[in-house]
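Have a look at the structure below before the remarks.
The values are calculated or read from the model by the stated rules, or taken from the named source; none is laboratory data. The structure displayed is predicted, hence computed values, not measured ones. Ideal geometry is used to build each Cβ from the backbone, glycine not excepted, and the neighbour counts take in all protein chains shown. Side chains included, ligands, DNA and RNA excluded: accessible areas come from the protein's heavy atoms. Shrake-Rupley method; radii C 1.70, N 1.55, O 1.52, S 1.80 Å.
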Amino acid sequence: MAKTQEYPMSIEDSSSLLAKHLTKEIFEKLRDKRTVNDYTLAQAINSGVQNPDSGTGVYAGDEQSYEMFAPLFDPIIYEYHGHSKEDKHQSDLNPANLKAPNPDKEGKYILSTRIRVARNIQGLPLGPAIDKAKRENIEQDISNILCRSRGELAGTYYSLSNMSEADRLSLITDHFLFKAGDRFLQAAGLNQDWPSGRGIFHNTDKTFLVWINEEDQLRIISMQNGGDIQEVFTRLASAIDMLSSQVKFAYSDHLGYITSCPTNLGTAMRASVHIRLPNLSDNTQELEAIAKIYHLQIRGIHGEHSSSEDGVYDISNKRRLGITEVQCVQDMHDGVVALIKREQELAR
Ligand code: ADP
Ligand code: CIR
């Protein structure tokens, strides 16, 4: 694992938030600290040190990392989410408060909609600092709970350890399953003992899915074809309700749901559409300008750090902390409405 004893000079060429905020003074102040789970600054920054193309570059090993390494994490959290030390987080998962009619009723632009939240279990180390036995216990406990779900949420758990290579690859190609060997997660220590303890639960229609022990202990996902954002959110809210009644998730008034990557703190929610925007893809400056106004993030269609194909983008909310879940989805919805309007103008 990471052995950074000296200030990592190599980050000076990187444009990550780590490179921007890890001053030599902060490095000296934090370098010898260890959390209750023995997590160090060297581990927290290793992903950004090994991957200079990181956007952020830091990971927490436990809830205490956010306090112990606050001189580094706080400015990163502030720059990403606009959330300062005194600010409190608030949750609202009530679908009745969301105003998100389908922005593309004729089905011309939006291929699919997906909303996910991350969750980690209270009192356990996060993925970068957990051991094999604890990880496998989580897999056992959570998959047992999921296999008892009923109605639309009923489904089956598939452990990565028993899955055929053909099934694994087809789930990835169809956007249902996480990839193996992500170099950002690898350097963060999140791929240790791979594939043990990892897997996916999904219902028959693959509209409700849960990833176990990827970047976070749970990624709870609702998705379907088309642009019915309201329906996707409603299903997600009921799945979160079902799980939260049986598992205590790590949460703080200031940081909301605790996640291994600080960009996911708060709601831990990413609401996205896969959307075809051929004209805006020829005007990427304009695409980026609209994304900025509506707090959107633009990704390629095979997940983070992938590129766009045939003018199809993954468009999602960027802010997750200090705003509610309803507001996250509202950001995405309102931004998508604006993108479709501009795409139509350019097509004329
Ligand atoms: P995360 O959602 O956890 O931030 P990724 O960006 O890696 O992680 O996306 C995970 C998978 O979900 C990828 O296969 C990606 O293509 C897929 N995905 C994301 N948004 C959508 C969407 N709106 N429709 C279909 N698949 C999606
Ligand atoms: C990075 O720093 O690029 C990766 N560790 C992923 C960070 C989270 N995602 C994001 O900000 N888009």
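Structure values in brief
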quantity	calculated
Test: residue in the stretch 90-104 that is within 16 Å of ligand 1 (Cβ to nearest atom), in contact with a Pro (Cβ under 8 Å, 6 or more places away or on another chain) and at pLDDT 95 or above	no
Members of the stretch 258-272 that are under 17 Å from I298 (Cβ atoms) and hydroxyl-bearing (S, T, Y)	T263, S272
Test result for G322, closer than 25 Å to K85 by Cβ and away from ligand 2 (no atom under 14 Å from the Cβ)	yes
Inter-residue pairs, beta-carbon under 9 Å, first under 14 Å from T263 (Cβ atoms) and in a strand (DSSP E or B) and in the stretch 292-319, second open to solvent by 30 Å² or more (accessible area, probe 1.4 Å) and among the aromatic types (F, W, Y), 6+ apart	N317/Y294
Qualifying residue in the stretch 179-186 (condition: under 18 Å from S260 (Cα atoms), of a type in the set (K, R), more than 16 Å from ligand 2 (Cβ to nearest atom) and within 17 Å of the chain's Cα centre (by Cα))	no
Matching residues, the stretch 194-234, being part of a loop (DSSP other than H, G, I, E, B), more than 16 Å from ligand 2 (Cβ to nearest atom) and either open to solvent by less than 30 Å² (accessible area, probe 1.4 Å) or closer than 20 Å to P125 by Cβ (or both)	W194, P195, S196, G197, R198, T207, N213, Q217, G226, G227
Candidates L287, L243, filtered to the one that is crowded, with 16+ Cβ neighbours inside 10 Å, in contact with a Leu (Cβ under 6 Å, 6 or more places away or on another chain) and outside any strand (DSSP E or B)	L287
Scan of the stretch 1-46 for residues that are among the hydroxyl-bearing types (S, T, Y), open to solvent by less than 90 Å² (accessible area, probe 1.4 Å), more than 22 Å from E63 (Cα to Cα) and at pLDDT 95 or above, ordered by number	Y7, S14, S16, T23
